[in-house]
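*Asks:* Okay, here's the structure, questions in a sec.
The values are calculated or read from the model by the stated rules, or taken from the named source; none is laboratory data. Everything quoted here is computed from the prediction, not taken from an experiment. Note: ideal-geometry Cβ built from the backbone for every residue, glycine included; neighbour counts use all protein chains shown.
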Amino acid sequence: MQEALIALEAQRCQALVAGDLSGIDAVLDAQLVYVHSTGLVHDKPQLLDFLAHRIRYEAVERQGLVVHPHGDVAWMTGLMRLRGQRMPGGEAVASTAFVSQLWVHTAGAWKLRGFQATRVDDAAWAK
């Protein structure tokens, strides 16, 4: 299960960079609560709209992922580094964050139900 969730997270990151909204939608739970490192909070429809119209990711990387399984729920933690541009103006965005994710196994598939990012110093990435 741990390897499957880490692979699913890698697919989610690749979909973010590719702008693949259907791929992202497929891994998000209907009850999603997504908290960006800026404090912006989205549910699933709001996040998909944000990804479609407000940001374009050039890179999304993960490091040090640890999965804490408990039955049909798993908590994933680790670092995330991203780079992109805000739309429509093209303002550069880059950050490193510590991320906690809540994954739930429902209807035969793992879905991302909770996401909380907290900015950390970029030097944390190299450790």
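*Asks:* Just checking, how many residues over segment 1-14 are closer than 19 Å to Gln85 by Cα and buried (at least 16 other Cβ atoms within 10 Å of the Cβ)?
*Replies:* Here is the first cut: in segment 1-14, the residues closer than 19 Å to Gln85 by Cα are 12-14.
Narrowing further to those that are buried (at least 16 other Cβ atoms within 10 Å of the Cβ): 12-13.
So the count comes out to 2.
*Asks:* Which numbered condition trips up Phe50, out of (1) assigned to a helix (DSSP H, G or I); (2) over 21 Å from Gly19 (Cα atoms)?
*Replies:* Only one criterion in (1) assigned to a helix (DSSP H, G or I); (2) over 21 Å from Gly19 (Cα atoms) is unmet by Phe50, namely (2).
*Asks:* Of (1) crowded, with 16+ Cβ neighbours inside 10 Å; (2) closer than 21 Å to Asp29 by Cα, Trp75 satisfies all except one. Which?
*Replies:* Failing condition for Trp75: (1).
Residues are listed down the side, and each one gets a yes or a no for (1) without any contact (Cβ under 8 Å) to a residue 24 or more places away in the chain; (2) under 13 Å from Gly114 (Cα atoms); (3) in contact with a Pro (Cβ under 8 Å, 6 or more places away or on another chain); (4) surrounded by 15 or more Cβ atoms within 10 Å (Cβ to Cβ):
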residue: Leu16; (1), (2), (3), (4): no, no, no, yes
residue: Ala26; (1), (2), (3), (4): yes, no, no, no
residue: Gly39; (1), (2), (3), (4): yes, no, no, no
residue: Asp43; (1), (2), (3), (4): yes, yes, no, no
residue: Ala52; (1), (2), (3), (4): no, no, no, no
residue: Val60; (1), (2), (3), (4): no, no, no, yes
residue: Pro69; (1), (2), (3), (4): no, no, no, no
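*Asks:* Please go through segment 97-127 and pick out each residue that is β-branched (Val, Ile, Thr) and either part of a helix (DSSP H, G or I) or surrounded by 15 or more Cβ atoms within 10 Å (Cβ to Cβ) (or both).
*Replies:* Matches in segment 97-127: Val99, Val104, Val120.
*Asks:* Pull out all pairs, ordered by first then second residue, where Cβ-Cβ is under 6 Å, the residues are six or more apart or on different chains, the first lies in segment 81-104 and is at pLDDT 95 or above, and the second is polar (S, T, N, Q) and assigned to a loop (DSSP other than H, G, I, E, B).
*Replies:* Final answer for the pair search is Ser95/Ser37; Ala97/Ser37.
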